[in-house]
Ligand code: FDA
């Protein structure tokens, strides 16, 4: 049990943001204690990226983040960049590679990143106390008192780094939002992001047999567009394109999916009608897609099994329009159980973008996912944790 009489900073949450903040503050000579109710630090880091942790993105910038205030993240992201974190990873000799689209993954294991963060904490003397339930916090004349399952602790500064609501089985709780509300902060309504879609019964049945099949698509709505893979699952649709667009989706809306983004279908069908008039429409579609998907689409839209020579322009146009703008109407999402992130959170207008300190309550700080800043899929969320954690650690 840590001696609380001498603490400068208590950080609630030994996740990505909390550990990086703690090490940064301790490096400046602050006496720091990190509290977490989990048995293990950095649980989400450990399972992230399929166990290899997509720890940052080489192209990270403010455009890759959602927030009511899209400018808020700029300062932290520019003061502690992906290259700063990559520098730290290099210092520890952790091998990594770019998988795709600037996404950097450990060659070996996500454990390397957690071990690095813990080593940084221990190098500078930040203590990490696990299996400690935080019951409530209160502000006093000298700072903050944190009531925990292992007793009362106090420090002059309190950093809330306990993340969002996604994956409760990994230890996610609403504590961060509750502390924010206790001190008068507004919470931007929260919802699951980077999450698979579920489908209405008829579509679910229709596409169920496609489970496991992936196609490269462009998924879009009026807010965003992503060119990545779509994966049919036994519950609905997933894959990077669906996870990405889910963060920009609201219940009742349709997602438009370009199933053949690199082809001009109408032009190609016309061309084939000239060059191979005896070829059937269905066999062209089977050349474009895996057979199971081609047949499902033909049946769903009742495209006839005719030779191209017998297809009218309007039929070919209809086929092309459907393939370029396939309308997918999700029933909902799988929710926090499988979501990678929580959208919304502590309103950025009431937090300093330079220090992450509350504008309402001196000495109280918010970092990482608990704030209304959410990244795309691809290492951006960890970069936000590192950047916000670092700027806070520098000023706390
Ligand atoms: P984080 O959730 O990491 O940490 C919060 C900590 O607070 C936890 O240790 C928790 O136990 C603790 N806590 C919560 N409530 C508490 C309470 N009441 N008392 C005490 N402690 C409490 N991002 C990315 O960039 N690349 C990737 O590869 C992935 N992959 C990925 C996979 C999966 C399956 C998930 C669920 C998420 C990802 N992410 C990701 C997202 C990324 O994991 C996430 O954005 C960061 O971990 C957020 O960092 P934080 O430190 O803010 O919260």
> What number of residues in segment 24-43 are within 16 Å of the ligand (Cβ to nearest atom) and touching a strand residue (DSSP E or B) at 6+ places or on another chain (Cβ under 8 Å)?
Replying inline: 8
>> Filter segment 312-339 down to the residues that are in a loop (DSSP other than H, G, I, E, B) and crowded, with 22+ Cβ neighbours inside 10 Å and list them by number.
In response: 339
> Within segment 131-138, is even one residue in contact with a strand residue (DSSP E or B) (Cβ under 6 Å, 6 or more places away or on another chain) and closer than 20 Å to residue 375 by Cβ?
Replying inline: no
> Is one or more of the residues making up segment 108-115 closer than 25 Å to residue 361 by Cβ and in the same structural domain as residue 68 (by TED's automatic domain parsing)?
Replying inline: no
> Looking at (1) surrounded by fewer than 16 Cβ atoms within 10 Å (Cβ to Cβ); (2) more than 11 Å from the ligand (Cβ to nearest atom); (3) closer than 26 Å to residue 170 by Cα, can you tell me which one residue 47 breaks?
Replying inline: (2)
> Do you know which residues across segment 360-387 are in a loop (DSSP other than H, G, I, E, B) and over 9 Å from residue 17 (Cβ atoms)?
Replying inline: 360, 361, 362, 363, 372, 373, 376, 377, 378, 379
> Could we say that residue 255 is touching a helix residue (DSSP H, G or I) at 6+ places or on another chain (Cβ under 8 Å), within 23 Å of residue 369 (Cβ to Cβ) and modelled with pLDDT of 95 or more here?
Replying inline: no
> Which residue, of 393, 375, 344, 363, is buried (at least 24 other Cβ atoms within 10 Å of the Cβ) and more than 11 Å from the ligand (Cβ to nearest atom)?
Replying inline: 393
>> Restricting to segment 218-240, give me the number of residues that are within 16 Å of the chain's Cα centre (by Cα), over 22 Å from residue 200 (Cα atoms) and not in a strand (DSSP E or B).
In response: 1
>> Any residue that is out of contact with any strand residue (DSSP E or B) (no Cβ under 6 Å at 6 or more places or on another chain) and in a strand (DSSP E or B) - is there at least one of those in segment 82-95?
In response: no
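The values are calculated or read from the model by the stated rules, or taken from the named source; none is laboratory data. Note that the structure is a prediction, hence the values are computed from the model and not measured. Reconstructed Cβ throughout: ideal geometry from the backbone, glycine too, with neighbour counts over all protein chains shown.
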